[in-house]
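Asks: Sharing a structure below in structure tokens format, with a few things to ask.
The values are calculated or read from the model by the stated rules, or taken from the named source; none is laboratory data. Note that the structure is predicted; figures quoted are calculated from it, not measured. Cβ placement follows ideal geometry from the backbone for every residue including glycine, while neighbour counts extend to all protein chains displayed. Keep in mind that these areas ignore ligands, DNA and RNA; they rest on the heavy atoms of the full protein, side chains included. Shrake-Rupley method; radii C 1.70, N 1.55, O 1.52, S 1.80 Å.
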Amino acid sequence: MSTFAQGDVYQTSFDPKAYLKNFCSLGSGRDGILHFRLQQYHETFASGNVSGHTLIDIGSGPSIHQLISACEAFEEIIASDFTDANRHELEKWLKKEPGAFDWSPIVKAVCELEGDREKWLQKEEKLRKRVTRVLKCDVTQKYPLDPIVLPPADCLITSLCLETACKDYEAYCTAMKNITSLLRTGGHLVIVGVLGDTFYTVGGQTFFCLELDEDSVKKAVIGAGCTITKLKIFTTPENDHQSHLTDSYANFFLVACKDGAM
């Protein structure tokens, strides 16, 4: 198990380009996991049950894959991350700056799920228009987007964030309550996370991950005042070739509704 990484470690040592290459690229050995996530996002946002005006993505990292399907269901998307380098990398893609990560294989895969792989360029442009802001966030704070104050969102996504930002389970539960404070009553919480993970490696730097199981995740979500409506588990294949990068035994995809809705 690695030592818990404080925020300053992420600011100085997290390499977004290495992360994207190892964890977000088709053909990198993580195709099964990536397709699982993309399929679940597609099913969730194409269903018509999870939609609205505003979606907030907490802990976006340098990634957009969690937002590709969502841009069809929400008019405004607000991305956020703690690390300056991650926000900069994300903004490079949004602004079409030189050296931005090539997301086209992932976007094409999502368009294929939607039935028309050839519309990937239009999809990229739609997503760029939908993402209106990229903000600083800190899930360990009671008001994660402080000093920015936003109206309660219709949907909140958080992907692979809380388990890396929280040093223990008590902090994880507190962070879950912190982020759901940004969600309106009846709004939806969408979480992608890992089970059994104690570390992950990016660019030669090893980072802490809080070891979770299915029951502990469900308990934290329910404790934050949400009712779980969907939970899917993808078990890591036994012949996984990336065990040197992370030791998780499964990924999960969870959808919940903030209590109080009729």
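Asks: With I78, I64, I33 as the choices, which residue is within 30 Å of D8 (Cβ to Cβ) and part of a helix (DSSP H, G or I)? Before the answer, list the steps.
Replies: Working: I78 fails: part of a helix (DSSP H, G or I); I64 fails: part of a helix (DSSP H, G or I).
Result of the check over I78, I64, I33: I33.
Asks: List every residue pair whose Cβ atoms lie under 7 Å apart, where the two residues are 6 or more positions apart in sequence or sit on different chains, the first residue falls within the range 143-159 and is free of Cβ contacts under 8 Å to residues at least 60 places away in the same chain, and the second residue, located anywhere, is not in a loop (DSSP other than H, G, I, E, B).
Replies: Going by the 7 Å Cβ cut-off, the qualifying pairs are I148/L135; P152/L183; P152/R184; P152/G187.
Asks: Turning to a different aspect of this structure: Please specify each residue of the range 167-208 satisfying the condition of being under 22 Å from V9 (Cβ atoms), hydrophobic (A, V, I, L, M, F, W, C) and more than 15 Å from the chain's Cα centre (by Cα).
Replies: First, pick out the residues of the range 167-208 that are under 22 Å from V9 (Cβ atoms): 167-172, 174-175, 178-179, 193-194, 197-208.
Keeping just the survivors that are hydrophobic (A, V, I, L, M, F, W, C) gives 171, 175, 179, 194, 199, 202, 207-208.
The answer is A171, F199, V202, F207, F208.
Asks: Among the residues of the range 37-47, is any polar (S, T, N, Q) and modelled with pLDDT under 95? Full working, then the answer.
Replies: At the first step, the residues of the range 37-47 found to be polar (S, T, N, Q) are 39-40, 44, 47.
Going one step further and asking which of them are modelled with pLDDT under 95, we end up with 47.
Yes, the conditions are met somewhere in the range 37-47.
This table checks each residue for (1) open to solvent by less than 20 Å² (accessible area, probe 1.4 Å); (2) on the phi > 0 side of the Ramachandran plot.
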site	(1), (2)
V149	no, no
P152	no, no
E163	yes, no
A171	no, no
I179	yes, no
L189	yes, no
G203	no, yes
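Asks: How many of the residues in the range 83-100 are in a loop (DSSP other than H, G, I, E, B) and either among the β-branched types (V, I, T) or in contact with a Lys or Arg (Cβ under 7 Å, 6 or more places away or on another chain) (or both)? Quick ask: steps written out before the conclusion?
Replies: In the first step, residues of the range 83-100 are kept if they are in a loop (DSSP other than H, G, I, E, B); the result is 83, 95-100.
Those left that are additionally either among the β-branched types (V, I, T) or in contact with a Lys or Arg (Cβ under 7 Å, 6 or more places away or on another chain) (or both): 83, 99-100.
The number of residues fulfilling the criteria is 3.
Asks: Could you check, for the range 243-261, whether at least one of its residues is crowded, with 21+ Cβ neighbours inside 10 Å and assigned to a helix (DSSP H, G or I)?
Replies: no
Asks: Scan the range 132-146 for residues that are open to solvent by 40 Å² or more (accessible area, probe 1.4 Å) and over 24 Å from K167 (Cα atoms) and report the count.
Replies: Number satisfying all stated conditions: 2.
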